[in-house]
Amino acid sequence: LVHLSTGDILRGEIKAGTSLGLEAKAIMDRGDLVSDEIVIGMISSKLDNNPNSNGFIFDGFPRTAAQAEALDILLDGKNTSISSMLSLKVEDKELIRRLLSRGKDSGRADDKNEEIIANRINEYNNKTAPLKDYYSAQNKLSEIEGVGSVIEISNKLNTVIDTL
């Protein structure tokens, strides 16, 4: 499976100097968010550049119902679809602890500020968590306990992926 992280895709397109990358850079330099249309265009390009893949793991996308619908339309046009949404279940308190810990190592200011972290979690709960209902209605939701060692969680994810 090809791993597609929208953040990595954006950085890669910018570094490569593609037309979508240059457009995204101009938007980001203004402090604005890159539009769903641009991100979908970049994902489409990645799908087209990996024709022999056994599938894709979308990491960090979709984040909203509008993005999920746009992705469905894109994939339908390529005669494919999402087969499963994997959702890691982790309590907010644990997420805050993990991000604060990551902030000590990464140096990222947004991972050092509990208010910013709480806002990100709130944004997730309001905009991304509803995707569980979206994919559940399509019988595509798999929820996995996201607490334990990295190896334990990886094994849980692999078990679900292997059954698809």
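The values are calculated or read from the model by the stated rules, or taken from the named source; none is laboratory data. Source: prediction; values computed, not measured. Please note: Cβ atoms are built from the backbone with ideal geometry, for glycine as well, and neighbour counts cover all protein chains shown. Surface areas here come from the heavy atoms of the whole protein model, side chains and all, with no ligands, DNA or RNA. Shrake-Rupley method; radii C 1.70, N 1.55, O 1.52, S 1.80 Å.
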What number of residues within the stretch 120-148 satisfy the criterion of being in contact (Cβ under 8 Å) with a residue 12 or more places away in the chain and among the acidic types (Asp, Glu)?
2
What helices (runs of 4 or more DSSP H), lying completely within the stretch 50-164, carry at least 3 residues that are open to solvent by 70 Å² or more (accessible area, probe 1.4 Å) and closer than 29 Å to Ile38 by Cβ?
65-77, 114-123
Among the residues of the stretch 7-46, which ones are open to solvent by less than 60 Å² (accessible area, probe 1.4 Å) and touching a strand residue (DSSP E or B) at 6+ places or on another chain (Cβ under 7 Å)?
Ile43
